[in-house]
Amino acid sequence: MKSMSAGSGSSSLVFIDTNIWLYAFSQIQDIQKAHRARVLIRGTSQIVLSTQGINEVAVNLLRKFQAAESDIRKLIRSFYRKYLNY
């Protein structure tokens, strides 16, 4: 996770690494890490995503977790709706 501030007095934008997203979506790996990742994401008000990060999450969910392509499409739409609308 990396915090970026646009200047003095402004709120911080936070870039959340691909691995944090993958832990948050994981149902079968380390439950404690998954919980911490979810808490971190929910507690962050201004998340910034990159196209590369979205692609990395999608590829890993597809290959490593055998997620359904339809679910990944929904997730990508959700990312754009929640985090890329400014």
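For residues that are of a type in the set (Ser, Thr, Tyr) and more than 11 Å from residue 16 (Cβ to Cβ), scanning just the stretch 30-86, find the one that is surrounded by the most Cβ atoms within 10 Å (Cβ to Cβ).
The first filter runs over the stretch 30-86 and keeps only residues of a type in the set (Ser, Thr, Tyr), leaving 44-45, 50-51, 70, 78, 80, 83, 86.
Subset that is more than 11 Å from residue 16 (Cβ to Cβ): 45, 51, 70, 78, 80, 86.
Numbers: 45: 9, 51: 9, 70: 8, 78: 10, 80: 12, 86: 6.
Per the criteria, the residue is 80.
Considering only residues in the stretch 20-29 that are at pLDDT 90 or above and among the aromatic types (Phe, Trp, Tyr), the one that is surrounded by the most Cβ atoms within 10 Å (Cβ to Cβ) turns out to be 21.
Residues 63, 38: which one is over 12 Å from the mean Cα position of the chain (by Cα) and on the phi < 0 side of the Ramachandran plot? Quick ask: steps written out before the conclusion?
Numbers: 38 fails: over 12 Å from the mean Cα position of the chain (by Cα).
Checking each option against the conditions leaves just 63.
The values are calculated or read from the model by the stated rules, or taken from the named source; none is laboratory data. Keep in mind the model is a prediction, meaning the values are calculated, not measured. When we count neighbours, we look across all protein chains shown, and the Cβ atoms used for this are built from the backbone with ideal geometry, even at glycine.
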